[in-house]
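Scroll down for the structure; my scribbles are underneath it.
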Amino acid sequence: MRVVVLADTHVRDSGSTALPPRAWDELTSADVILHAGDVVETGLLEQLRRLAPVHAVLGNNDGALAGVLPETLTLDIDGVAVAMIHDSGPRAGREGRLRRRFPASDVVVFGHSHIPWEETGLDGQLLFNPGSATQRRSQPHRTLGILELANGQVRRHEIVVVD
């Protein structure tokens, strides 16, 4: 399964912010799309659902989606246990905190910081933040993430530059 991972897109239905063309190129070949919060409004989710099944969690800027999106989510994608949360908390102690919060998950997807992050946490748990495809903030590039999952294993994980 090819999973495209987004976070912190901050796309408003008014069109003031949009995903770059390279992000759409990656999304068109997705089997599943994950969004780790700060979607902001429903329009982007509707567009993404035309491409593939979408799973998203509530971010701190998702006031319009409160009651629509869960704060956390756990799913099985081709035998891989994936957890999602928007804010993983400070970098210090992240590995232990996420392992305690999601003890059965192979992968934890998060956002909030706009900082791409792909590290192995405790007991081999993959901690994965795709960064932001729209707002790079202090990062050199706008990014998204790709996960290749098959038969209960993470075959590949990658941060992709989209600008």
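This table checks each residue for (1) closer than 16 Å to VAL4 by Cβ; (2) at pLDDT 95 or above; (3) within 13 Å of the chain's Cα centre (by Cα); (4) among the basic types (Lys, Arg).
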residue	(1), (2), (3), (4)
ASP78	yes, yes, no, no
MET84	yes, yes, yes, no
PRO116	yes, yes, yes, no
GLY121	no, yes, no, no
ARG142	yes, yes, no, yes
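Selection over region 136-160 of residues that are in contact (Cβ under 8 Å) with a residue 60 or more places away in the chain and surrounded by 15 or more Cβ atoms within 10 Å (Cβ to Cβ) gives a count of 9. Is it fair to say ARG101 is of a type in the set (Lys, Arg), more than 18 Å from ARG142 (Cα to Cα) and crowded, with 16+ Cβ neighbours inside 10 Å? So ARG101 fails the test. Annotation note: of LEU19, LEU34, LEU73, LEU98, the sole residue that is modelled with pLDDT of 95 or more, aliphatic (A, V, I, L, M) and either assigned to a loop (DSSP other than H, G, I, E, B) or more than 30 Å from ASP123 (Cα to Cα) (or both) is LEU19. Filtering LEU75, LEU51, LEU58 for residues that are surrounded by 18 or more Cβ atoms within 10 Å (Cβ to Cβ) and not aromatic (Phe, Trp, Tyr) leaves a single hit, LEU58.
Among residues of region 1-25 that are under 19 Å from LEU65 (Cα atoms) and surrounded by fewer than 21 Cβ atoms within 10 Å (Cβ to Cβ), those with a Cβ under 8 angstrom from a residue that is at pLDDT below 95 and of a type in the set (D, E, K, R), sequence gap 6+ or separate chain, pair up as ARG12/GLU41; ASP13/GLU41.
Screening region 57-107 for residues that are basic (Lys, Arg) and touching a strand residue (DSSP E or B) at 6+ places or on another chain (Cβ under 8 Å) and picking the one that is nearest to GLY131 (Cα to Cα) gives ARG94. Only residues that are closer than 23 Å to ASN61 by Cα and either part of a strand (DSSP E or B) or touching a helix residue (DSSP H, G or I) at 6+ places or on another chain (Cβ under 9 Å) (or both) were counted in region 104-125, giving 4.
Note on region 54-70: among residues that are out of contact with any Gly (no Cβ under 8 Å at 6 or more places or on another chain) and part of a strand (DSSP E or B), the one that is farthest from ALA23 (Cα to Cα) is ALA66. In this entry, LEU51 is excluded by the filter for residues that are under 19 Å from LEU6 (Cβ atoms), without any contact (Cβ under 8 Å) to a residue 60 or more places away in the chain, part of a strand (DSSP E or B) and aliphatic (A, V, I, L, M). If I filter region 126-163 down to residues being in contact with a helix residue (DSSP H, G or I) (Cβ under 6 Å, 6 or more places away or on another chain) and in a loop (DSSP other than H, G, I, E, B), which single residue comes out as farthest from LEU48 (Cα to Cα)? Here the residue is VAL162.
The values are calculated or read from the model by the stated rules, or taken from the named source; none is laboratory data. Since we're looking at a predicted model, the values are computed, not measured. Quick reminder, even Gly has a Cβ in these numbers, built from the backbone with ideal geometry, and neighbours come from all protein chains shown.
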